[in-house]
Every structure is written in C-alpha cells, then in structure tokens.
Amino acid sequence: MDIVNKAIAKASDLAGEAAWNAQQRIKINTEEKRIEDLRNKAQAKRVEIGEEMFRLWQAHKLPPSQLDGLFYELQDLIDAVDGATQNLDALKAETYEQATSARAQTASSYAAAIPPLPAAPLPPGTAPPALGAGPSDPAVLDVTPAVTLVECANCHSMVRADRSFCGRCGHKLR
C-alpha cells in the first residue's frame, strides 16, 4: 500500500509541476509578446520623430518645443519596455522548486498527522469504526490540519496562506 501511495504522490507532484511549467511558459510568452509590441511602438515613435525633425529641418525650423510631446511619448515607451523586461527576467528566474518550497514543509507535517494504515485487514465479523463518531471515540482521529486560507486576487478561489501560487490559475500570491 505504501508503494501505491508513493506512486500516487509522485504522479501528483509531476502533474503539478507540469501544469505550473505550462502556466509559467504562457506567462513568459505573454510578457515576451508585450515587450515586442512595446518595442515596435517605440520604433514607430522614433520614425515619427525622425520624419517630423526632417520636415522641420527642410523648413529650416527646428524648435524643440514642437517635439516635446513626441519625446515624452517615446520615453514612456522606453520605460515600459524596461519594466516589462524586468518582469520577464523575474518570471524566467523563478523555478517550480522555489514556488513549492512551502509545500515540502507542509507535506512532512501532514505525514506526521496521518496515522499508519492497519497492517492486516479487519477480521471477519469485525465492524469498522462508525463514521461520524464523536471525539470520545478513540478509533476516530481528527487529523485535519489548521490551515489559514487566503483568496486569490485573480480567480477568487481559496488558497492556503503558505502557498506562493494559486493552484487553480497559477497567479503569484506573494
């Protein structure tokens, strides 16, 4: 039975890691596309500035005040590219192991709270302990851990407070 439980846990871990990696790749692709779009807009602004400067040069007028608006828009786009690049670098640097480090700590606390399964099946004619027995029944253990839940800001599902990412949508919680 222990081997089956270990196999199930390993399969669950691998599935969780694969899902997290897929969500991470989607975030990275989205951020890369956003950076590319911002760079294209910045390039278009540069062309617009160049054409305007050329027209002014042709007319022998090059007052900086006429270009201020374009230069401010260009600077905003350059700043947006820098911010998006930093976000992308942070996403690429984050690993599944970092995101699930709290999970490993809680797994050991769960293992300590769950009693071992009986070594042999119940003898014939022996009834299993009644479900819903009260706290006075020593055969029933309450192993429900006290866990604080928080709401995911993205999908509004309830997530354990010690998690770094939402298990439903992958949104970073901290």
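Every number in this text was worked out from the coordinates using simple rules, so none of it is lab data. Only a predicted model underlies this, so the values are computations on that prediction, with no experimental measurement involved.
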Cross-link candidates for Lys172: which aspartates and glutamates have Cα within less than 19 Å, leaving aside residues fewer than 8 places away along the same chain? Asp13, Glu17, Glu31, Glu32, Asp89, Glu94, Glu97, Glu151, Asp162
Suppose the chain between Lys172 and Ala9 were pulled fully straight at 0.36 nm per residue; how much longer would it get relative to their current alpha carbon spacing? 56.3 nm
Set of aspartates and glutamates near Lys45 by C-alpha distance (under 16 Å), chain-local residues within fewer than 8 positions excluded: Glu36, Asp37, Asp68, Glu73, Asp76, Asp79
Name the lysines eligible as straight-distance cross-link partners of Lys41: C-alpha to C-alpha under 28 Å, and not fewer than 8 places from it in the same chain. Lys27, Lys33, Lys61, Lys92
